[in-house]
Amino acid sequence: MVVCDASKGLQIFTSGKSMSCLGWFNNYVTYFEAEDACRSKGGYLMTPKTMDKVAMLLPLVTERAWVGLDDTKQEGVYIWKDDNSTLTLTADVKSTFFASGEPNNNGDREDCNVYTPTLLNDVPCWFNYTYLCEIFTVDL
Ligand SMILES: [Ca+2]
Ligand SMILES: [Ca+2]
């Protein structure tokens, strides 16, 4: 049985065909610290892979928050951190999931991604932002 533990700041969100146990945490940490924090709760940095999951965040998250997507291993190869699958950056994916003009690897130093109210943006991994943890997602 899977449990969405409210004592860990997590709650169930549903949108369309997706249900997720997630939480937004308002302390400011680096990407790697955020990964560790989510792991300590038994989860992972949230992966907004579908429009249903993005729709869960729109009313919830009002500032930059780390999500589980990075190209730290190889520049330009974006890996979702829940299952290590690769995100292929087609024009359609960019326009659907990313803010305008992103990801741009600005200054050749942006490898980690934040959700923002204008969708995803790659930023330096060592910057400090809030973060989103997720324990599971199921298709309804
Ligand atoms: Ca990059
Ligand atoms: Ca960027």
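Readers should treat all values here as calculations from the given coordinates under stated rules, not as data from a laboratory. Everything numeric here is computed off the predicted structure, so don't read it as measured data. Neighbour counts run over all protein chains shown; Cβ positions are idealised from the backbone, glycine included.
Miscellaneous remarks
- Spacing of the two label points (7 Å from each Cα toward its C-beta) at S7 and F127, in nm: 3.6 nm
- Using C-alpha pairs under 8 Å with a sequence gap of at least 6, the mean separation divided by the residue count of region 1-120 gives a relative contact order of 21 percent.
- Mean-position separation - Cα centroids, region 16-77 and region 84-120, in angstrom: 13 Å
- A simple charge model with +1 on the Cβ of Lys and Arg, -1 on the Cβ of Asp and Glu and nothing else charged puts the dipole of the chain at about 360 debye relative to its Cα centre.
- With the simple spin-label model, which puts each label point 7 Å out from Cα in the Cβ direction, the D139 to S85 separation comes to 0.9 nm.
- FRET efficiency, Q74 to N26 (Cβ-Cβ, R0 35 Å, nearest 0.05): 0.65
- Taking Cα centre as origin and charging only the Cβ of basic (Lys, Arg, +1) and acidic (Asp, Glu, -1) residues, the dipole magnitude of region 1-76 rounds to 280 debye.
- The angle between the Cα long axis of helix 31-40 and the main principal axis of the chain comes to about 20°, on a 0 to 90 degree scale.
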